[in-house]
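The values are calculated or read from the model by the stated rules, or taken from the named source; none is laboratory data. Note that this is a predicted model, so its numbers are computed, not measured. FYI the Cβ positions are ideal-geometry reconstructions off the backbone, even for glycines, and counts take in every protein chain you see.
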Amino acid sequence: MSETLQKTNLLGLTREKMEAFFVSIGEKKFRSEQVMKWIHHHRVDDFEQMTNLGKALREKLGQVAEIRAPEVVSEDISDDGTRKWVVRVTSGSCVETVFIPEDGRGTLCVSSQAGCALDCSFCSTGKQGFDSDLTAAEVIGQVWIAACSLNNQPAKIGRSITNVVMMGMGEPLLNFDNVVDAMTLMMDDLGYGISKRRVTLSTSGVVPALNRLAEVTDVSLALSLHAPNNALRDQLVPINKKYPLEVLLPACVDYIQGLPDKSRRITIEYTMIDGVNDRPEHAVELIDLLQSVPCKINLIPFNPFSLSDYRRPSNNTLHRFQRQLQESGYNTTIRKTRGDDIDAACGQLAGAVQDRTRRSARYQQNRVEPDNLIAVRSL
Ligand code: SAH
Ligand code: SF4
């Protein structure tokens with residue numbers, strides 16, 4: 001009986017791992033540089049097209065290795081130019097990747113897991129339950145797919161990827177090694193050459209992993225805070241019960257202060273939910289809470305989805321909250337909602353997750369009838 005050989009997928013290998021791979025097949029380390037350029041700069045996934053490798057090496061690579069991005073199930077383009085790809089990962093679940101073009105920059109929002117185990121009350125991904133961690137190839141593969149697709153467009157400012165945010169589906173710190181490898185490739189000159197300031201990991205606050213992060217990377221950090229006190233954060237972001245604010249905030253400050261560049265700031269993400277966390281007294285508490293945290297604040301108007309009856313606050317409320325923070329010296333922006341006509345806005349990413357937690361079935365059962373939903377997408 002012949003054994004089927006598991007080919008090594010080179011797409012997700014960092015420079016170090018690629019060198020180790022070439023050594024392991026009896027080849028010189030410098031081959032890794034050639035192959036990485038073919039993969040990430042020229043987006044070639046066929047060894048036969050790698051013309052600076054000899055025929056024998058190309059054949060050998062074809063036998064033991066492959067370059068395999070996740071399968072693209074669909075690609076949608078929003079009226080505002082936002083693009084969304086749905087890709088299928090190994091487990092069979094689908095995850096989503098979103099590209100947001102803006103004047104002079106293009107931000108790619110990348111997923112780290114199929115679903116999410118953390119169940120934040122306002123998040124569509126959380127309601128899907130959890131299926132699996134993405135491999136490093138599946139995380140960097142989203143950048144590869146977007147780069148392939150965007151390069152096929154006529155050149156226009158804002159079409160290329162200048163920033164990556166790990167703000168798609170999943171909690172990146174719960175898929176630590178694969179996410180770190182993929183982010184390393186995003187920043188490597190042999191990968192996508194994006195500056196460390198422009199690669200951002202967003203977390204809901206997995207403190208032990210946060211403590212390890214500084215040892216392996218220096219990407220920018222965003223914290224999904226969403227509440228100015230433990231009582232409210234326990235309800236919105238349940239992992240807060242395990243790692244409350246008094247341990248979470250010092251861990252974030254340690255990370256940012258451990259970076260050599262002292263001007264770096266943590267981005268505080270605060271999803272504004274009508275009547276829940278958007279009152280003037282919440283702003284007062286937030287001002288106090290963040291006093292010793294080097295940060296800028298990004299207010300995200302809640303994006304409604306069908307399994308939630310939270311609502312987005314009025315523009316007046318959003319701007320009043322922003323003013324309060326600004327008057328206390330905080331750099332505070334309101335995130336523009338992009339791509340909601342293709343369900344690509346923050347928190348709307350749901351993919352198609354085979355839920356191993358059975359959480360999504362529970363939510364579907366308790367689902368409010370559409371007629372009674374307070375939140376509708378036209379808000
Ligand atoms: N798991 C990570 C990264 C993915 S979520 C994290 O929680 O940080 C990316 C951002 O979108 C987070 O700040 C998250 O809180 C926010 N978000 C989730 N659901 C949202 C919704 N319905 N409306 C607006 N923002 C939402
Ligand atoms: Fe998971 Fe982030 Fe959604 Fe919370 S907000 S459920 S951590 S993806």
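Worth a mention:
- Residue, farthest from D177 (Cα to Cα), within the range 7-35, restricted to residues that are touching a helix residue (DSSP H, G or I) at 6+ places or on another chain (Cβ under 6 Å) and in a helix (DSSP H, G or I): R31
- For beta carbons closer than 7 Å, sequence separation of 6+ or different chains, a first residue in the range 264-283 that is over 27 Å from V219 (Cβ atoms) and a second that is part of a strand (DSSP E or B), the qualifying pairs are D278/M272.
- Among residues of the range 232-246 that are more than 12 Å from N277 (Cβ to Cβ), those with a beta-carbon under 6 Å from a residue that is surrounded by 17 or more Cβ atoms within 10 Å (Cβ to Cβ) at least six positions away or on a different chain give the pairs D234/N240; P238/D119; I239/L118; I239/S204; I239/G205; N240/R233; Y243/G205; Y243/V207.
- Evaluating Y330 against the criteria (1) part of a helix (DSSP H, G or I); (2) hydroxyl-bearing (S, T, Y); (3) modelled with pLDDT of 95 or more leaves one unmet condition, (1).
- Some residue of the range 203-216 being among the hydrophobic types (A, V, I, L, M, F, W, C), within 16 Å of ligand 2 (Cβ to nearest atom), modelled with pLDDT of 95 or more and touching a Gly at 6+ places or on another chain (Cβ under 9 Å): no
- Residues within the range 118-154 that are within 16 Å of ligand 1 (Cβ to nearest atom), out of contact with any helix residue (DSSP H, G or I) (no Cβ under 7 Å at 6 or more places or on another chain) and either at pLDDT below 95 or not in a helix (DSSP H, G or I) (or both), tallied: 7
- Taken over the range 276-296, the criterion of being within 16 Å of N229 (Cβ to Cβ) and either within 13 Å of ligand 1 (Cβ to nearest atom) or in a loop (DSSP other than H, G, I, E, B) (or both) is satisfied by V276, N277, D278, R279, L290, Q291, V293.
- Some residue of the range 90-104 being assigned to a loop (DSSP other than H, G, I, E, B), crowded, with 22+ Cβ neighbours inside 10 Å and modelled with pLDDT under 95: yes
- Residue match in the range 179-196 (condition: away from ligand 1 (no atom under 12 Å from the Cβ) and more than 24 Å from I39 (Cβ to Cβ)): no
- From T184, T125, residue being more than 15 Å from ligand 2 (Cβ to nearest atom), under 29 Å from L249 (Cβ atoms) and buried (at least 20 other Cβ atoms within 10 Å of the Cβ): T184
- Some residue of the range 249-260 being away from ligand 2 (no atom under 16 Å from the Cβ) and either on the phi > 0 side of the Ramachandran plot or touching a Ser or Thr at 6+ places or on another chain (Cβ under 6 Å) (or both): no
- Once the range 297-314 is narrowed to residues that are part of a loop (DSSP other than H, G, I, E, B) and touching a Pro at 6+ places or on another chain (Cβ under 8 Å), the residue that is farthest from K127 (Cα to Cα) is P313.
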